[in-house]
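Note sheet for the following structure.
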Amino acid sequence: MTDITIKKRMIITTVICVTYLLLTIFYHHIDKHLTGPVFIILTLLIPTTFVAIVVYTISGIIKVFNNRQNLTLRLCLPTVILLVTLTYTIFSPYRLDSEILESKVAIRACYEGTQNQAYIKFRKDKSFELNWTGVFG
């Protein structure tokens, strides 16, 4: 592989991984503050980037296996970044979440019906969040 191809692959994988991680970490605030097409686009971008991460990981492992005679760190680094992102996503019990930027929850209540569900969080700073979803959105 050429040096330009490796550099291009490094940039693409880094952008995809950072985009995925930022969207999943800040999804609480995306859901809370955004509506309309921007919310739909950002929400659809999460599974799209995850599928891209899986596809690039598989192709990266194949490239590493095919070039195992002249293996360098630059050749392996995009695949390592992808594997670390996948490992964090699938196996990590510690998740970064933007909800920790909010006040602590004092009381949390929920209601689950047959076609709808709701939860309310009363926070220590005297604010609250109500999220109600029905079968049709």
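The values are calculated or read from the model by the stated rules, or taken from the named source; none is laboratory data. Given the structure is predicted, the values throughout are model-derived calculations rather than measurements. In this analysis, Cβ positions are derived from the backbone assuming ideal geometry, glycine residues included, and neighbour counts consider all displayed protein chains. Please note that ligands, DNA and RNA were not included when accessible areas were found on the heavy atoms of the full protein model with its side chains. Shrake-Rupley method; radii C 1.70, N 1.55, O 1.52, S 1.80 Å.
Quick one: Thr85 ticks every box in (1) assigned by the TED database to the domain that holds Thr13; (2) within 25 Å of the chain's Cα centre (by Cα); (3) open to solvent by 40 Å² or more (accessible area, probe 1.4 Å) except a single one, so which number is it?
Here Thr85 clears every test but (3).
All but one of (1) touching a Phe, Trp or Tyr at 6+ places or on another chain (Cβ under 8 Å); (2) of a type in the set (S, T, N, Q); (3) open to solvent by 70 Å² or more (accessible area, probe 1.4 Å) hold for Thr72; state the number of the condition that does not hold.
Unmet condition: (1).
Please verify whether Gln115 is open to solvent by 100 Å² or more (accessible area, probe 1.4 Å) and in the same structural domain as Leu130 (by the TED database), treating the condition exactly as stated.
So Gln115 passes the test.
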